[in-house]
Amino acid sequence: MYEGPVQDLIDELGQLPGIGPKSAQRIAFHILSADTADVQRLVDALQLVKQTVKFCEVCFNIAEEARCRVCRDARRDPTAICVVEEPKDVVAIERTREFRGTYHVLGGAISPIDGVGPGDLTVRELCQRLADGTVQEVILATDPNLEGEATATYLSRLLVPMGVKVSRLASGLPVGGDLEYADEVTLGRAFEGRRYVEA
């Protein structure tokens with residue numbers, strides 16, 4: 001334990017995701033030894049992001065205006081929506097340059113252990129986006145873990161009766177991976193998603 005403000009800083013840094021007690025302590029002491037101008041730039045960046053960045057009124061991606069960059073782009077295909085858990089997932093998919101539709105950010109995944117249910121996500125807003133019949137396909141791109149699978153299953157059961165085509169991202173073996181290190185679920189998915197070789 002350290003004196004007042006130093007311990008307060010360590011405690012606050014420790015609240016950040018992925019930052020344990022030792023990392024919080026290292027960051028706190030780095031801030032203490034950093035130049036005042038560097039620390040002020042960090043403070044300014046934190047304040048600016050809280051003041052100017054919000055969530056898109058359509059898809060719930062991060063945005064500086066009422067609508068995000070993707071929702072403002074008239075060249076995007078409005079008939080396809082890719083459903084992701086977090087805004088960082090939008091960035092990952094955009095880097096592939098494979099998807100030209102729009103997105104819907106759920107704001108997390110269903111996790112009863114953490115007390116997160118469908119009502120805590122933007123599921124209702126997703127259903128509202130499908131009401132006018134413009135959207136023909138919903139691509140479920142939730143994480144391939146227990147929570148992501150539960151969320152995808154829930155959404156599939158909810159959306160299929162609405163008459164929209166629902167697909168799930170393929171999952172399986174990573175390029176450069178070894179079979180011996182793959183878990184059973186990953187290997188099973190790889191077999192399910194196998195493609196036939198054309199002669």
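Observations, loosely collected:
- Aspartates and glutamates whose Cα lies under 16 Å from that of residue 50, excluding same-chain neighbours fewer than 8 positions away: 64, 65
- Taking amide H atoms as placed 1.01 Å from N in the peptide plane, the amide H of residue 82 lies under 5 Å from those of 102, 103, 104, 139, each 5 or more residues away in sequence or on another chain.
- Relative pair counts by distance (%), Cα atoms of the chain, 5 Å bins: 1, 6, 11, 14, 14, 13, 12, 11, 8, 5, 3, 1, 0, 0, 0
- Tilt relative to the chain, helix 36-52 - C-alpha long axis, 0 to 90 degrees, to 10: 40
- Approximating the spin labels as points 7 Å out from Cα along Cα→Cβ, the residue 23-to-residue 116 distance works out to 1.7 nm.
- Least to most buried among 151, 52, 96, 102 (fewest other Cβ within 10 Å first): 96, 52, 102, 151
- Using alpha-carbon coordinates, inclination of helix 4-14 to the longest axis of the chain, degrees: 10
- Net charge over other residues, Cβ less than 15 angstrom from the Cβ of residue 72 (K, R count +1; D, E count -1): 0
- Sites matching chymotrypsin sites (Phe, Trp or Tyr not before Pro) across the range 158-199 that sit in DSSP coil, with at most 11 neighbouring C-beta atoms within 10 Å: 196
- Exposure proxy ranking for 130, 159, 46, based on other Cβ atoms within 10 angstrom of each Cβ and starting from the fewest, stands as 46, 130, 159.
- With respect to the chain, whose longest principal axis is taken over its alpha-carbon atoms, helix 87-96 is tilted by about 60°.
- Take the Cβ atoms of residue 44 and residue 165, set R0 to 35 Å, and the FRET efficiency comes out at 0.15.
- When shorter helices are ignored and each DSSP H run of at least 4 residues is given -39500 (n - 2.57), the per-residue value for the chain at 222 nm works out to -13000 deg cm²/dmol.
- Loop GluC sites (Glu not before Pro), the range 93-130 (other Cβ atoms within 10 Å of the site Cβ: 11 or fewer; DSSP): 98
- The three principal axes of the C-alpha atoms in the range 75-168 carry coordinate ranges of 40, 31, 18 Å, sorted with the longest axis first.
- Net charge of Cβ neighbours under 12 Å - reference residue 84; Lys, Arg +1; Asp, Glu -1: -4
- Prolate/oblate/rounded call for the range 4-52, Cα gyration tensor, a/c under 1.5 rounded: oblate
- Rounded FRET efficiency, nearest 0.05, which uses the C-beta distance separating residue 156 from residue 76 and R0 of 25 Å: 0.60
- Within the range 72-168, percent of DSSP bridges classed antiparallel, to nearest 5: 5
Laboratory data are not the source of any read-out in this text; all were calculated from the coordinates shown. As the structure is a computational prediction, the values presented were derived from the model and not from experiment. Glycine gets a Cβ as well: all are built from the backbone with ideal geometry, and neighbour counts include every protein chain shown.
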